[in-house]
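K.L.:
Would you mind keeping the following structure in view while I ask a few things?
The values are calculated or read from the model by the stated rules, or taken from the named source; none is laboratory data. Just so it is clear, the model here is predicted, and its values are computed rather than measured. Because the Cβ atoms are built from the backbone with ideal geometry, glycine has one as well, and the counts that use them run over all protein chains shown. Protein only, heavy atoms only, side chains kept; ligands, DNA and RNA dropped before computing areas. Shrake-Rupley method; radii C 1.70, N 1.55, O 1.52, S 1.80 Å.
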Amino acid sequence: MAPGDVTRSASRTFELLGAIIEHGGLTLADAAKTTDLATSTALRLIRSLEQTEFVLRGEDNVYRVGPRLLQIGAKAIADNQLLLRAQPAMTEIAEITRESTYLSAPGPRGTALYMGQIEGTHAIRHMGWVGQTVPLVGTAVGAALLGEVGADGYAIAHDTIEDHSTGVAAPIYDAIGRIVGALSVVGPTFRLDDDVCARHGRVLVERCARLSAELGRTVPS
């Protein structure tokens, strides 16, 4: 097989695997349609993923994430230094705000990837976004990752990804001033009015500043 064919085959395999992950499982027909592949090509690639246990086919003929991918994902999360360093700050933020707190980083194709979560303590709380992506444009976490924050250092977005949900986010910087992540809280809009968002924003900015300092960030006095 020519080098170009190998590269194209690998690219298609990763694209197919990504589609299965993003959709929480796909049939062969849906996988082929989603990735714009011929069914025969999709079947060949999926069989390769099955053999290496990156995907498994269920009794309903839906292909889902397999144990090998789960193992690699768990290892990657465990080794992620930003997530490890952010855990104490996330715990503090969740305790103070009582809202679900997230760590995000730049994701693929202009998105923000939710990497970690500490659940809030309100009876009605946001949950379940770890591993998901949202657009950078039009979201609080996206604005934070793009550096598009207000003078107070945080961004707010109402009802953008989910109706009746509000997000507040602030950026995390590394030693050379790059934005490498963002901390955010997400909760129901009825509870996060302007005053509450401002209080949560200050908490986020303070914890992000501490975390940035741990990463070597220095700010002129």
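K.L.:
Mind checking which residues of the range 147-174 are among the hydrophobic types (A, V, I, L, M, F, W, C), over 13 Å from Arg207 (Cβ atoms) and open to solvent by less than 60 Å² (accessible area, probe 1.4 Å)?
P.N.:
Here is the first cut: in the range 147-174, the residues among the hydrophobic types (A, V, I, L, M, F, W, C) are 149, 151, 155-157, 161, 168-170, 172.
From what's left, over 13 Å from Arg207 (Cβ atoms): 149, 151, 155-157, 161.
Within the range 147-174, Val149, Ala155, Ala157 qualify.
K.L.:
Based on what the data block shows, is Leu49 modelled with pLDDT under 85, surrounded by 14 or more Cβ atoms within 10 Å (Cβ to Cβ) and in a helix (DSSP H, G or I)? First the steps, then the outcome.
P.N.:
Numbers: modelled with pLDDT under 85: no; surrounded by 14 or more Cβ atoms within 10 Å (Cβ to Cβ): yes; in a helix (DSSP H, G or I): yes.
Considered against the rule, which asks whether it is modelled with pLDDT under 85, surrounded by 14 or more Cβ atoms within 10 Å (Cβ to Cβ) and in a helix (DSSP H, G or I), Leu49 comes out as no.
K.L.:
Consider Val205 against the criteria (1) in contact with a strand residue (DSSP E or B) (Cβ under 8 Å, 6 or more places away or on another chain); (2) open to solvent by 50 Å² or more (accessible area, probe 1.4 Å): it satisfies all of them except one. Which criterion is unmet?
P.N.:
Going through (1) in contact with a strand residue (DSSP E or B) (Cβ under 8 Å, 6 or more places away or on another chain); (2) open to solvent by 50 Å² or more (accessible area, probe 1.4 Å) one by one, Val205 breaks only (2).
K.L.:
Within the range 54-84, how many residues turn out to be at pLDDT 90 or above and open to solvent by 90 Å² or more (accessible area, probe 1.4 Å)?
P.N.:
Number satisfying all stated conditions: 3.
K.L.:
Would you confirm whether any residue within the range 46-54 is over 27 Å from Met127 (Cβ atoms), hydroxyl-bearing (Ser, Thr, Tyr) and out of contact with any Lys or Arg (no Cβ under 7 Å at 6 or more places or on another chain)?
P.N.:
Yes, some residue in the range 46-54 is over 27 Å from Met127 (Cβ atoms), hydroxyl-bearing (Ser, Thr, Tyr) and out of contact with any Lys or Arg (no Cβ under 7 Å at 6 or more places or on another chain).
K.L.:
Filter the range 14-46 for residues that are part of a loop (DSSP other than H, G, I, E, B), within 22 Å of Pro108 (Cβ to Cβ) and not hydrophobic (A, V, I, L, M, F, W, C) and give the result.
P.N.:
Residues of the range 14-46 that are part of a loop (DSSP other than H, G, I, E, B), as a first pass: 24-25, 27, 36-38.
Next cut, within 22 Å of Pro108 (Cβ to Cβ) only: 24-25, 36-37.
Gly24, Gly25, Asp36 - these are the residues of the range 14-46 that are part of a loop (DSSP other than H, G, I, E, B), within 22 Å of Pro108 (Cβ to Cβ) and not hydrophobic (A, V, I, L, M, F, W, C).
K.L.:
Could you pull out the residue among Ala105, Ala89, Ala123, Ala112 that is under 29 Å from Ser165 (Cα atoms), among the small types (Gly, Ala, Ser) and touching a Ser or Thr at 6+ places or on another chain (Cβ under 8 Å)? Step through it out loud before you land on a result.
P.N.:
On the way: Ala105 fails: touching a Ser or Thr at 6+ places or on another chain (Cβ under 8 Å); Ala89 fails: touching a Ser or Thr at 6+ places or on another chain (Cβ under 8 Å); Ala123 fails: touching a Ser or Thr at 6+ places or on another chain (Cβ under 8 Å).
Of the residues listed, the single one that is under 29 Å from Ser165 (Cα atoms), among the small types (Gly, Ala, Ser) and touching a Ser or Thr at 6+ places or on another chain (Cβ under 8 Å) is Ala112.
K.L.:
Could you count how many residues in the range 177-188 are farther than 19 Å from Gln117 by Cβ, in contact (Cβ under 8 Å) with a residue 24 or more places away in the chain and out of contact with any helix residue (DSSP H, G or I) (no Cβ under 8 Å at 6 or more places or on another chain)? Write out each step before concluding.
P.N.:
Looking only at the range 177-188, we keep the residues that are farther than 19 Å from Gln117 by Cβ, and these are 177-179.
Those left that are additionally in contact (Cβ under 8 Å) with a residue 24 or more places away in the chain: 177, 179.
In the following step, the residues that additionally are out of contact with any helix residue (DSSP H, G or I) (no Cβ under 8 Å at 6 or more places or on another chain) were identified as 177.
Selection size over the range 177-188: 1.
K.L.:
Just the residues that are surrounded by fewer than 17 Cβ atoms within 10 Å (Cβ to Cβ), farther than 20 Å from Asp194 by Cβ and of a type in the set (A, V, I, L, M), please, taken from the range 120-146.
P.N.:
Once the filter is applied, which keeps residues that are surrounded by fewer than 17 Cβ atoms within 10 Å (Cβ to Cβ), farther than 20 Å from Asp194 by Cβ and of a type in the set (A, V, I, L, M), the range 120-146 yields Ala123, Met127, Val130, Val137.
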